[in-house]
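Report on the structure given below.
Nothing in this text is a laboratory measurement; each read-out follows from the coordinates by a stated rule. Model, not experiment: these values are computed from the prediction. Every residue, glycine as well, gets a Cβ built from its backbone with ideal geometry; the counts of neighbours run over all protein chains shown.
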Amino acid sequence: MQSSAFKWGGLTLVLALAPWLPAWGADDAKAAAEPAAPAAAAEAPAEAAAEVARIERDGVVVELEVKPTEDDADKVVASDWADVTFRLTDANTGQPLKGRYPAAWMDLGEAWEAKGDRPMSCRDRVATYLQGIVGVRPMIDLNSHFLLVLNRDASISVIDPAVGITGITNLFAQINLDKPGADWVLGENDKQLFVTMPLAGQIAVADTETFKVTTNVDAGTNPTRIELQRDGRYLWVGNNSDDADKGGVTVIDADTLEHVAFIATGAGHHEIGFTDDDRLAFVTNRDSGTVSVIDVQKLAKVADIATGDKPVGMDYSTLGQALYVADARDGVISVIDPKTLEIRARLQTVPGLGPLRFSKDGRWGVVVNPAENQVFVIDASSDAIAHKINIGKQPFHVSFTRSFAYIRSLGTADVALIPLSELDLEELPPATYIPAGQRPPGLAADLSIADSIVPSVKEGAAAYIVNQADGTVHYYMEGMGAPMGAFRNYGHEARAIEIVDRSLAEQAPGVYTGRVKVPVEGTYDIAFMMDTPRFLHCFTTVVEPNPDAKATTAKLAVEYQIGDRRVAVGERVTVRFRMTNPRTSLPVSDIDDMTVMFYRSDGRGRQVLPAKALGDGVYEVEVAVASASTWYLFVGSSSQELSFSDLPFLSLMGMPPSALPDAQASTGGRP
């Protein structure tokens, strides 16, 4: 087996989703245009005061509650977190409306009052949001999700998949790291992202609201794998070392980011897992041939279990109530009972095993064997091998959606899908293949240990798939013969993908909640929409100033006014952009020191240039694209206390003139 099969350590994508809006009748439109009365104060515990509003129409009751997340807070204030909850019930029976997919947006009412002679109706605002127009978005979107793409270089691309421009990737933001990232994990409620940086000996902590690194935390020698306990208390970081005394795990408090402990476990790479009650942590030691068992309460090692010469894959099954460990050398899958800390079963396959992963319900485990082009399916209900399936060319990665196991291979661009519904049958389950790029991932310089396939949010019947060799992300909806779209990551080499979900989730039957960080004070309109049954209404809530915040008003917003961002190499291009007040959307003119920073994606050719004011908040600058590469443009202003990293940037793709249409090449791509 080639060593690259185990050398697991981003990219940008924009997917244009078709906007939709139900065709309401005149009565619906009229009702939607009328905002709700100010939210009435509801009786609530003193430690969690909240606002509640109620609307009943066409047999449906929608109640809105907005409350601070902190138990000791008595009101929602700017620059703080709040839970926005919709309770949906049948007006006649009082039964909850379960399994719905409502949508909601929050925006300052004054922002829309400035967009014409009269305020826009609620229905018009929703229609505008759904169009996915760049630069036109609500202050808070309770339906959105962002794609995070871990790049081979020291960066993470942030993509809004609902917005696309002429098929060219539109970056929502970019997170810059001190050193390249190896693995990552999201914190509770997706508020933070933790990224290991082996070359720095640290983890980067990024805020997923601002998409900026807030701090770096020391994490021991060569920190690689990272996992978060199920209860969110501790971060566990694997320290890879050839020295058994230096190899182990660093434990970090996820809230305070303080170093809690280092526990030596053994040599080699470490996979990390937990029991479903977080009582025990398990750490594989690839070069020591053991799995270490750690008492989480005491933060002390209680056992080393020999599982074979090369324990490579590991996962815990909640259904089987056991840890399953795959050994690459002898092909044995050891089943460890967490109560007795003994191996209760050994499942024999063939040498060459790799990563192992269980489905969300814990029933089916899939372990790949890149040496034999096979995968083995484990039935956790019986501790038995249910199937051996010949699949792909050097399969190396497993991910699950609700209905399928996705198998990625090093030697082919095709991804195999195995239906979970047919694993319970005696017959060999069928595998279907979908193309996900042109080149096999194994041609990439290296691979990440982080996931290169993740299920999409909500429906669970779609996935985002990274092709590391092509530098593309593919969006695939299950049942289709091929991905619906693929988007290139110009200037970066993709390695892994993650999703920050900001959409409403059903926390209880008929209760849909989203947690948001409210940026500024003011009176907010909360637009609520549901398709089944059709329902559209605007509520109102008030966010108070935050006495603890120095400033709760956003500075400026930028909208780049350029069409095709492909530019002929050697030409100069004029870039125009419009600066506005994010609260009112009114233009901000006459900024005397508006400045642009422009450089190539590798950091070379850096220039800082003054921008010329044209009036109505529009500024322009002329830049030179000197090579066939991606070039980044940032805006800033000292007088406005606006740094180059505060606002979204623009990317331009330098291309040979022969690769562009004649008309564009002759004008240098000018707007």
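Here each label is just a point 7 Å from Cα along the line to Cβ, and for Ser639 and Ala345 those points are 7.3 nm apart.
Distant-in-sequence amide contacts of Phe404, defined by a placed amide H-H separation under 5 Å and a gap of 5 or more residues or a different chain, comprise Leu420. Loop-located trypsin sites (Lys or Arg not before Pro) in the stretch 273-308 (DSSP state other than H, G, I, E, B) with a sparse environment of at most 13 neighbouring Cβ atoms within 10 Å: Arg279, Lys298.
Residue-wise HN-Hα couplings along the stretch 298-313, as the Karplus relation 6.51 cos²θ - 1.76 cosθ + 1.60 with θ = phi - 60° gives them from phi, are 8, 6, 9, 6, 10, 6, 10, 10, 6, 10, x, 5, 9, x, 10, x Hz; Gly and Pro carry x. Ordered by the count of other Cβ atoms within 10 Å of each Cβ, fewest first, Asp646, Asp71 give Asp71, Asp646. Sorted largest first, the principal axis extents computed over the alpha-carbon atoms of the stretch 557-667 equal 43, 28, 20 Å. Going by neighbour counts of Cβ atoms within 10 Å, the residues His270, His492, His259 line up, fewest first, as His259, His492, His270. Amide H contacts of Ile449 (H built 1.01 Å from N, in plane; Pro and chain starts excluded): Gly9 sit under 5 Å, all sequence-distant by 5 or more or on other chains.
For Val520, the amide hydrogen comes within under 5 Å of the amide hydrogens of Ser79, counting only partners 5 or more places away or on other chains and with H modelled in the peptide plane. The aspartates and glutamates within cross-link reach of Lys75, meaning a Cα-to-Cα straight distance under 20 Å and a gap of 8 or more places when in the same chain, are Glu43, Glu47, Glu51, Glu63, Glu65, Asp83, Asp107, Glu521, Asp525, Glu544, Asp548. Counting only Cα atoms, the size of the stretch 216-268 along its three principal axes is 31, 22, 16 Å, in decreasing order. Structure note, pairs Lys310/Lys393; Lys301/Lys517; Lys360/Lys517; Lys67/Lys555; Lys67/Lys301: Cα-Cα distances above 31 angstrom occur for Lys301/Lys517; Lys67/Lys301. Candidate cross-link partners of Lys612 among the aspartates and glutamates, defined by an alpha-carbon separation under 12 Å and a same-chain spacing of 8 or more, comprise Asp590, Asp592, Asp593, Glu620, Glu622. Sorting Tyr433, Tyr324, Tyr632, Tyr234 by the number of Cβ atoms found within 10 Å of their own Cβ, with the fewest placed first, yields Tyr433, Tyr632, Tyr234, Tyr324.
Sequence-ordered 3J(HN,Hα) estimates for the stretch 176-182 from the Karplus curve with 6.51, -1.76 and 1.60 and θ = phi - 60° stand at 9, 9, 6, 9, x, x, 10 Hz, glycine and proline given as x.
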